Structure formats: C-alpha cells, structure tokens
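In what follows, a single structure is set out as structure tokens and then discussed.
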Amino acid sequence: MNLQLATTPLNEAACDWLIVPVSEGFEFNGRLGQLNDALGGQIGRLRESQDFTAKLAETALIPAPAGIRAARLLLVGLGPVEKLDEAGLNKALMTAARAASGKKTDRVAVAVPSPGPSRLSLGRCIQAVATAMTVGCVGQDLYRAEKKRFPFENVDLLVEPGQNGAEQKAALEAGTVVGEAINLARELVNQPPKVMFPVSFAERAQNLARQHNLRCEVLDQAALETEKMGSLLAVSAGSDQPPRLVFLEHNQAAAGAPVVALVGKGVTFDSGGLSIKSNDNMLTMKCDMAGAATVLATMVAIARLKLPVHVIGLMGLVENLTGGSAMKLGDVLTARSGVTIEVQNTDAEGRLVLADVLDYAVSKGADRLIDLATLTGACVVALGEDVVGAMSNNQDWCDKVLAAAKAAGEDVWQLPMFGHYDELIKSDVADIRNVGGRWGGAITAAKFLERFVKEKPWVHLDIAGPAFASSDKPHREGGGTGCMVKTLLEIVKG
Ligand code: BES
Ligand code: MN
Ligand code: ZN
C-alpha cells in the first residue's frame, strides 16, 4: 500500500473513494464548502433531511456524485469537535476504511481532518489517518478463497496547501509503521495454532529481527533447562511442541538510559491442560499468544522508527496441552527464581510462563517492566471485552502507562493490588499456589506475577478481553485486534 500527502482540493481528487470526515454542526467554509458547492449543495440537503448529521462514526455514502472527480463520496461523522479525542477519531476513520475496503480498490483519498478546536494536532491527525487506513483494509480472512477485505493500493491524504512539509511526512511515516505493526500483531494472533506454535513464532521473530536490526536470542528447550525455568517448562511438558523464549533488544539510547522490558505471554494454544477447558472456552485459545504478538510487533515498530530508547522484548512461547508428561494438580514446580509453586489448576498456565520470563527480564537488566497477557477470564468479567486491566506495584510507572493509553485512544483501567490479596495465593506445601480461589481472579493472578519482578517498577496488562474480538463491528474486524501496540509505543516514546 502506498500512502502519500497531497494538496489536491477535495472536489478535484480523482479516486475510487473520497473519504471526508465531518464534525457535528459543520459549517460550509473552506474545503468542505468548496466540495458542497461542487456537489450542488448535496451535503447540505443530507443534513436538512437528517440523513447525515455527523454523529461519531455515522456514515453516508454518495455513489457516483455529480460535479466531483471521485467515483464515490463517503462522509463520516466525527461528533462534536470539542469532544473529539484520539479514540473517537480512530473509530470514525476505521469505520470509513472498513466501509471502503469491501471490494478491490485502487485509489482512496482521505481529507485529513483539520484539528480546529479539538485537542488533536495536525501531526496526530495525519498519523491517525495513516494508521486507520493501513489497519482498516486488512481482514482476518487469511485462508478464505473469497476475501472479505481488500487492501488499498494507493491512499492520498488530502491536506491544505503548506501542510505537506517534513514534519507532516514524518507523521505519515510513523502512522504507517504503527498500522503495519498492528496488522502484524493481528496476523500472528489470527494464524491457526498449527501454523503459529513456539518454534514457528520464534523463527518469525528471528526473521523480523534480522530484517529490522534488532538483536535477537532464542532459548530452546536445553537453554531453558540450563536457566532452570521449571515453571515455564512445566506448562510446555504436556505438548510435543518444544518451548522457546525469544529475547529482542533495541538500544539507540544514550549510555545509562533506563532499560524498559516488554514481556509477552505466548501460549500458542491453551487447551487448559488436564484442567481442560470446555469446547466453548477453548474455541478462541489460539489468541493466547496475543501478549507475545504485541511485544514482537511493538519491537519491530520501535526499530523501524529508530526511537532513541533502550528496550528489550521477551516472549515466553509454549503450548498448554494434555500429553502424558503434562503437569498434574498437586505438582510442585521450582521457578527460575527459586520460588516453589503448587499447581492447583493447569489452566492458570500464563502466570507460570510469565513467572520465569519476568525473572529472566530482570536478570537481563530491566529497570522497568510491562507485561502483556491474555491472563484471566476474571478480568473480562470485571471490565468487559473492550477494556484492558492494569495492575502494578508502582503508581508512578502505572500512571505513565495510563496516560499513554489515553493519548493512544485505548481503554485501560487500573485494578487495586492491596496487600491482603497476597493471602489468597498462599499454599500449605509450597511458597505459593497458582490460583487464588473464586474471587478477584484478575488481581490474584497479578499478585502471583508480582512475586517475580524483584520489586522493579512493573505494570501488568491483562488483555484477555480486548486482544481478540469474537465478531466484526463497523469500526473493527473480528479476530486479533493488535490492542496496546499504540499504547506501548506511546510509553516508550515517553
Ligand atoms: N488464557 C486464559 C484466559 C483467557 C480467558 C484469555 C478468556 C482470553 C479469553 C488463561 O490461561 C486461563 O485459562 N485462565 C483461567 C485462570 C483460572 C484457572 C484461575 C481463567 O481465567 O479461567
Ligand atoms: Mn489457561
Ligand atoms: Zn492461557
């Protein structure tokens, strides 16, 4: 897909689709006035008849519009301009991109919304358009002969004269890189578990690392045994697929800069193990490596954007199955850190994987950590399908993550980490057990992880709800969502 900035007036843009975002209570001045005039006042009539009032993500399609050069005009509402934020802008643009990508298209032109009284800068608007156009036209139909979505060949971002300088070009480039990273995360999640398993994921990571100049180390079964990662290895034991740990490093920071670690849960399929899941609950469990996919995609974007930071990315990759060597209830595992863990539910495997990977991240020099994991159904019960749960041992670091999420337009909500929750994961035979009982499941999972971060500032992001969408919506495709890629980049940029 080719994206470029252009200063063509809207009525003169020759394209298959002309996408024009419009704020509620819009006035016909400037570019919109010129477009409305060329159309003989058609947009004004749509408003009078209440067929288009520019509510957030509302659309109106005008096929074969007379008086302009576009084959179709798609108006998309932005809602009240003073309320417009990153999330709203993204929703509107994604809706438009998805509406325009249902059939093969050569050229799409998008009028970049001028920031006006909203709090968004022109650069942010350009970046948001580039990202949404890149993401919105890519589907989850990887193995369908009859595709449902068709990537655009060319996208022109229409800006006002003088708004196509170096700064705006950089915003366009950044938006494209972010969009491609989100698509990478989505694709990794959408691949069937037969295609995406620990070894194949690690190979993909290695190839991407080579391509984008990331330092990469892959730990195989023998290396993980040498590292004494008894917790991670116990999860992997029930599968014929050997485990992997992928370590990536990007260092373009001044000496002495803090090392940020991004750690991802990479359970390429979660059957639940011997505490086996029902068919319904297992159905989407190819998504259980979404944390690892997010980390890999974000590391690629960090490298492509050449951010002046020092970031390491770690992915713990295993399959959770029920083979003859599978861990059993009552087993006691010794984690890399030496902490002993009583297994009381083999379906609480994500925390067992992350325990060793977090511990390893700290020993690799992490000063601050963020982990991403499709960790608990309890988090989905608490917050719903579209909100990420955040849990932390350090409020300053957590506040940075929450602020970055806000700027990125992603919904994240903090859950408490009171000391008394620690009681719930005590064991009679080992230091801790891997479940905390019926209540507060998202938090007891986080309390478990906290034991392995050596008191370094750490935020745990439970993405069990938002990482995978069970159905399509006008503004997003079902399947892997690529959630938190934007937020992580925002955090890393600082
Ligand atoms: N991968 C699941 C969590 C999950 C649930 C992810 C729904 C995405 C959607 C995790 O490994 C799991 O099975 N957690 C258990 C923990 C329980 C046994 C303490 C759960 O949430 O039921
Ligand atoms: Mn599980
Ligand atoms: Zn899991």
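Things to note:
- Taking the listed residues A70, A14, the one that is among the small types (G, A, S), touching a strand residue (DSSP E or B) at 6+ places or on another chain (Cβ under 6 Å) and in the same structural domain as A132 (by TED's automatic domain parsing) is A70, with no other qualifying.
- Meets criteria (more than 16 Å from ligand 3 (Cβ to nearest atom), modelled with pLDDT of 95 or more, out of contact with any strand residue (DSSP E or B) (no Cβ under 7 Å at 6 or more places or on another chain) and on the phi > 0 side of the Ramachandran plot) for G384: yes
- Total residues in the stretch 135-181, condition of a type in the set (A, V, I, L, M) and over 19 Å from A99 (Cβ atoms): 11
- Of all residues in the stretch 364-395 being away from ligand 1 (no atom under 11 Å from the Cβ) and closer than 19 Å to L317 by Cα, the one that is nearest to the chain's Cα centre (by Cα): L372
- Any hit, the stretch 279-288, residues being away from ligand 3 (no atom under 14 Å from the Cβ) and more than 27 Å from D431 (Cα to Cα): yes
- Criterion violated by N281 - all others in (1) under 22 Å from D371 (Cα atoms); (2) part of a helix (DSSP H, G or I); (3) not aliphatic (A, V, I, L, M) satisfied: (1)
- V267 more than 16 Å from ligand 2 (Cβ to nearest atom), in the same structural domain as K456 (by TED's automatic domain parsing), under 17 Å from the mean Cα position of the chain (by Cα) and more than 20 Å from D367 (Cβ to Cβ): no
- Pairs linking a residue in the stretch 313-327 that is farther than 19 Å from A355 by Cβ to a residue that is assigned to a strand (DSSP E or B) and within 14 Å of ligand 3 (Cβ to nearest atom), with Cβ atoms under 7 Å and 6 or more positions apart or on different chains, do not occur.
- Of all residues in the stretch 49-108, those satisfying the criterion of being small (G, A, S), within 29 Å of D386 (Cβ to Cβ) and in contact with a helix residue (DSSP H, G or I) (Cβ under 9 Å, 6 or more places away or on another chain) are A54, A57, A60, G77, G79, A87, A92, A96, A97, A99, A100, S101.
- Of all the listed residues (L369, L354, L329, L375), the sole one being in contact with a helix residue (DSSP H, G or I) (Cβ under 9 Å, 6 or more places away or on another chain) and more than 16 Å from ligand 3 (Cβ to nearest atom) is L369.
- Contact map, the stretch 385-398: first residue in contact (Cβ under 8 Å) with a residue 60 or more places away in the chain, second residue surrounded by fewer than 18 Cβ atoms within 10 Å (Cβ to Cβ) and of a type in the set (F, W, Y), Cβ cut-off under 6 Å, separation 6 or more or different chains; pairs are V387/W413.
- Qualifying strands (runs of 3 or more DSSP E) (wholly inside the stretch 301-382; at least 3 residues being under 20 Å from V435 (Cβ atoms)): 310-320, 332-334, 340-342
- Candidates T134, T176 - the one that is in contact with a helix residue (DSSP H, G or I) (Cβ under 9 Å, 6 or more places away or on another chain), among the β-branched types (V, I, T), surrounded by fewer than 24 Cβ atoms within 10 Å (Cβ to Cβ) and under 27 Å from P466 (Cα atoms): T176
- Boolean, A348 is surrounded by 20 or more Cβ atoms within 10 Å (Cβ to Cβ) and either more than 27 Å from Q191 (Cα to Cα) or in contact with a Leu (Cβ under 8 Å, 6 or more places away or on another chain) (or both): no
- Residue in the stretch 57-65 that is within 26 Å of the chain's Cα centre (by Cα) and in a loop (DSSP other than H, G, I, E, B) present: yes
- Members of the stretch 334-351 that are farther than 22 Å from D462 by Cβ and more than 31 Å from the chain's Cα centre (by Cα): T334, G338, T340, E342
The values are calculated or read from the model by the stated rules, or taken from the named source; none is laboratory data. Remember, it's a predicted structure, so these values are computed and weren't measured experimentally. Because the Cβ atoms are built from the backbone with ideal geometry, glycine has one as well, and the counts that use them run over all protein chains shown.
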